[in-house]
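Q: Starting off with a structure, shown below.
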Amino acid sequence: WDTWMKEQHGQNHPILTILGLAAYLSSFSIGIGPLGWVIPSELFSTSIRSKAISISTLLNRVAGTFVVSSMMSLADFFTWAGYFAMLAA
């Protein structure tokens, strides 16, 4: 976005990037963002809840790390359209 603004108008507008990121994070927090933390706490009984949520969080972080670390190689292999189609499937 900043590169496009600089090419079109000859100046950077970093405040627009910061405001856009803040708007995205705010709407994510209101929407489905917290469900990754709320649903596991409701699924498990109180006797195993702490250990089960620890394992759930670990698996969530490992899966996120895998997706992030393999993104560029998969996007190069499948092209960007193929990569996003694979994520949507």
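Q: I need the per residue convex hull volume for the chain, using only the alpha carbons, in cubic angstrom as a whole number.
A: Hull volume over Cα atoms, normalised by residue count, gives 146 Å³.
Q: Ignoring everything but the protein chains, give the 1.4 Å probe accessible area of L25 in square angstrom, nearest 10.
A: Approximately 90 Å² for this residue.
Q: Taking 41 Å as R0, compute the FRET efficiency from the Cβ-Cβ separation of T46 and S70 and round it to 0.05. Walk me through the numbers on the way to the answer.
A: Numbers: r = 37 Å, r/R0 = 0.89.
That pair, T46 with S70, gives E of 0.65.
Q: Rounded to the nearest 0.05, what FRET efficiency do S26 and N60 give with R0 = 25 Å and r taken as the Cβ-Cβ distance? Could you check?
A: After rounding, the FRET efficiency stands at 0.70.
The values are calculated or read from the model by the stated rules, or taken from the named source; none is laboratory data. Remember, it's a predicted structure, so these values are computed and weren't measured experimentally. Cβ sites come from the backbone with ideal geometry, for glycine too, and all protein chains shown count toward neighbours. Ligands, DNA and RNA are stripped out before the accessible areas are found, and what is left, the full protein with its side chains, is counted by its heavy atoms. Shrake-Rupley method; radii C 1.70, N 1.55, O 1.52, S 1.80 Å.
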